[in-house]
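Reading through the structure tokens given below for one structure.
Just so it is clear, none of the values below were taken in a lab; they were calculated from the coordinates. Remember, it's a predicted structure, so these values are computed and weren't measured experimentally. As a convention, Cβ positions derive from the backbone with ideal geometry for all residues, glycine included, and neighbour counts pool all protein chains shown.
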């Protein structure tokens, strides 16, 4: 598919979907779960369905006059980044309803900061200890904000990417 611009109306998105579906190469990539093609399909489907957020995102991504159009990969990356941002915001909003979240924790979530293997191992051990503690587990299940915050913070670390060791040049 050579047309890398995202349509900004439901009608144009529906037409683009029909064109892409008729392209056997594009269809093959979609069936193979190619990330860029999958994102393209999802974005076009949302716009075709009249999703206001998807339409606004497509309009914002449209290149200015004279700029080269964005590639599907660029659009997919921007869409993925926006989706992650929405997920993090939703997660933080839910967490804030239950307990205090520091700005440092918010930044770590938003930036996708990595953790060291040592940090990961220590939190993994702490989590195992907490989960094996019947009093702590009972407090967590009853909605205790301190136990909930601890569980939330442990989950952040354990779901973070682990920093790869830098190779020594000596």
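Shown here: the chain, whose C-alpha atoms stretch 59, 51, 33 Å along the first, second and third principal axes, sorted largest to smallest. Based solely on its DSSP helices, what 222 nm [θ] is calculated for the chain when runs of n ≥ 4 H residues each add -39,500 (n - 2.57) and the sum is averaged over all residues, nearest 500 deg cm²/dmol? Helix contribution divided over all residues of the chain: -22000 deg cm²/dmol. Once the Cβ-Cβ distance of residue 116 and residue 73 is raised to the sixth power relative to R0 = 35 Å, the FRET efficiency obtained is 0.65.
From the convex hull of the Cα coordinates of segment 111-158, what is the mean projected area in square nanometres?
Computed as one quarter of the Cα hull surface, the answer is 3.4 nm².
For the chain, averaging the sequence separation of C-alpha pairs within contact (under 8 Å, six or more residues apart) and dividing by the residue count gives a relative contact order of 20 percent.
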